[in-house]
Amino acid sequence: MKNNENKHKSFWMKITDFFHSKKTQMYSRVTYHVVWNIVLLFIIVLVLGFSFAGGVGAGYFAALVKDEPIRTKEELRKDIYNYEEASDLYFANNIFLGKLKSDLDREEITINEMSPHMLNAIIATEDEYFNEHKGVVPKAVMRAIFQEMTNASVQSGGSTLTQQLIKNQILTNEVSFDRKAKEILLALRVENFLTKDEILEAYLNVSTFGRNSSGQNIAGVQAAAKGIFGIDAKDLTIPQAAFIAGLPQSPFRYTPYTQKAELKSPEGIEPGLVRMKTVLKRMRDGNYLTEQEYKDALNYDITKDFIGPKTAPSKIYPWLVVELEERAIKILSVILAEQSGYEKTDLEKDKDLNEQYTTLARRELKQNNYKVFSTINKDMYDNMQQVVKNYEYYGRDKPQLVTDPESGETITVQEQVETGAILIENKTGKILSFVGGRDFDREQTNHATSARRPNGSTMKPLLVYAPAFELGYISPGSVGINVPISIGKWQPKNAGEGYTGLTNAREALAKSYNIPAASYYMGIINQRPATYLEKMGFTSLIETDFTIPSLALGTPTNGVTVEENVNAFTTFANDGQFIDAYMIDKIEAKDGTVIYQHETAPVEVFSPQTAYLTLDIMRDVISNGTARYLNGKLSFSSDWAGKTGTTNNTQDAWFVATNPNVTFGTWIGYDTPKRIDNKYKGLTYSQRNIKLWASLVNSAYQVNADLIGPKGKFEKPAGVVTRSFCSISGLLPSDACSNAGLVKTDLFNVKYVPTKVDHSFINGQYVYAGGGRYLAQSSTPSEFTSGGYMLSPEYLNKIGGRYINNINDLLAKYNSNGNIVTGSTLSDNGKVPSAPTLGLNGNRITWNSHPERDVVGYRIYSNGQRVASIRSNESLAYSIQSGTYYVTAVDIAGKESSPSNAVTKQAEQKQKQEVPSKTIETNEEQTKPETKPEEKPVEKPVEKPVETIPDDTTPPTPEPPAETPANPEN
């Protein structure tokens, strides 16, 4: 035992001696220094290597981002929040209509309007370190560097929410280290400028989430919640939030809806359900859910929460959405152009410039979430669409040849009667409601605001009567002609070919006579009354329209829209001021700034007196004129004044009426102009249109009775007075007019009250000649004249006598006693009339009407003595007794023809004796008349007959369109 201990002790002593020996200590010091230097050198090399690599990496990183601009906080914020969102549309009274039709449905909300489950789900799924990192995760950066250095394929996975936001809003989806480097740099800056809540809010408003139940692409959690589950984002449950949070990874694979707005099959939905479970697992792992919440969510049947197809506003209100979009684009294009230094007139003059800013405005409206507030009353609009849908009296469909857009072949389709209507508030110009048509899917044309058609007789108050009142040319009681006329080559006709002779302005408008309107219009056409139409908003007139006579009957070359036509009628309700109708009240930018506010700018068109006179005669249209059918169709009473209208071949039917508050008008017709059936289901086309008008306005009355059916009447302005006048001339009544019982009363503008006594209507002598009645000349034998009342030639010319085909038709309705004549003149033909030829018929001699139209009568002689005189309009026969008879013709100047052949009757028997003219001429004793034919009386100069005066004062007239059709309803 001791020996072992001694040996062990001896071993340790040797070791100790070895290390304590001077030699060993010397070698140890040398070895230590060598090893230390080696380690130190390795550390230095390692540090230098890392420094070099870091420098190279930093330099490379700097090279990658050198072209990326250094954005300020404001610029970054603007870029981050610059995501596309369609503009919002509103009815009147801030009632939300819906979003403008767009390829992408998005609705921005704040983070406070998002469910906490949604926030947790997206963080747990997309960025578990979101609340800790500063924009990037270092290990992800190192992985990207390693992949670049080893030339491995670059992966974009592992990006933080901040980086994804940068990629979506500022950069692109390009897969490259260059883009990744910029993404990292920008992510660091965003985290420095924005809070975590701001970043998360922006991300959830930006991300795409597939399709909604309407098949529309959606972005933003609010659009996803509404489009998939039909709820707001704040109300999302755990499983609903998990389902939505899983969508951004592959939106169109996981979405439950197809592009055709259909729910996918169970197999198609399954990937989305699997993804939802993955999200729930990550939420549980991140302690966002309790175990029980996790299990409940896993077992929840999310498919029962999927909503069915939801109709987009553009489907429910197609005409309204399109109309608001187009009007908003026009407004925005001007605003954008003005911001660039242009003016509105520049856009009107430069087509290319206008197109440029129209494109910019359309893009702005589609992307920048403007709020467009309209004037449309939702309930009125809804009611009117329902009326149009259910109306049964449009008329039958008619065949129409069209070209098939797919095959290019000509096919036959059935075209239905279309309609357009618009309701305008007079004092403001607000368009309260309109009807664009019957079926947008069949025909997208807006028949209220875009379709242009001739406006027929609704043109008469606008172009003829109101301007003629304003110019002092006529008053409501002024006389007009209502007989066949010719204006150049144009021969306008009345409805039903009916004529009344003389009429007055009030009656002419109420019955919609075309000829008086045309005649009145020719009296003012040289003063260019179409300029009044321009003041009242007619935008498509051309120079020809200012000179063509048929414009008086509603034939503008390019037509007129329902909106323009109805808007013009509001001028009368506004005391002669035109207020342009509008549909957009204001537009707000995304931040709430009002960038457009409509301002009313009244235009002076007519005096208040003219406006009221026009309203008053239009009242008669409804009370006893062409719109009298309306009286029994309205569910309320109001002071309506209006006008019907029909166009060539009954291709259009109009009715426009106004009361103190609103103006409303309707149109019916085919898109391809063709005749509307006169009768359908027992109603004429005009009655069908008026019935539709009444049904529509009744539906608006149900919404706002006080607005649509005011109890008050149009107020008569100062300067409108009631005066008596001679109804046959429109002047102050003379004794002759009073004695004839032709005095009437009516309204006048005090400026144009007649101040002259009616000397155009006088007592006088007239004759019959050539089938007409004419003023007697001083040399006309008295036995051929008759006394009566007559109009002077000057007056006849003033009221359009030069256009009349038969001047004597004028007084048809006044002339029941035959004692009122036109007062037209007739000149003799300058020669002695030829002798008549007699015949014998029993005890009567007879002869034919003289071929010369200036012959006024005949003298009958028996045995050389004049025994009778017969006027040219009387029976050309005379009962004779025994003796020899002959007849002479007498013209208006008193010249008498030579005797006719002689006829002799014996006392015992009838005997005809023919005496040759030469025998009569030589038997001076037998044939001598009271006035020798060869003695020509001095002839006074007389005026040429009115009807023969050439239309030298009327300039050549272009061939007008066909006249307004004949129809008693118009």
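Below, the figures for the structure above:
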read-out	value
Relative contact order (%) - criterion: Cα under 8 Å, at least six apart; region: segment 362-488	17 percent
Where trypsin sites (Lys or Arg not before Pro) fall in DSSP loop in segment 345-426, at most 13 other Cβ within 10 Å	ARG396
Efficiency of FRET between ARG866 and ASN763 - r from beta-carbon atoms, R0 25 angstrom, step 0.05	0.35
Relative contact order of segment 665-800, pairs being alpha-carbon contacts under 8 Å that are 6 or more residues apart, as %	15 percent
Cross-link pairs beyond the 19 Å C-alpha cut-off, checked among LYS99/LYS315; LYS493/LYS679; LYS378/LYS713; LYS101/LYS371; LYS427/LYS590	LYS493/LYS679; LYS378/LYS713; LYS427/LYS590
Integer Hz, Karplus 6.51/-1.76/1.60 couplings in order for segment 112-129, x for Gly and Pro	5, 9, 10, 5, x, 4, 5, 4, 5, 5, 6, 5, 4, 8, 9, 6, 5, 9
Cβ-based net charge around ASP346, under 15 Å, with every Lys or Arg adding one and every Asp or Glu removing one	-2
Gain upon complete extension [THR600, PHE96; 0.36 nm per residue less C-alpha separation]	179.0 nm
Cut-off 12 Å between beta-carbons: net charge of the residues surrounding ASP580, Lys and Arg +1, Asp and Glu -1	-1
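Since every read-out is calculated from the coordinates, none of them should be taken as a lab result. Bear in mind that the values here come from a model prediction, so they are computed numbers and not experimental data. Methodologically, a virtual Cβ is constructed for each residue, glycine included, from the backbone with ideal geometry; neighbour enumeration extends over all protein chains shown.
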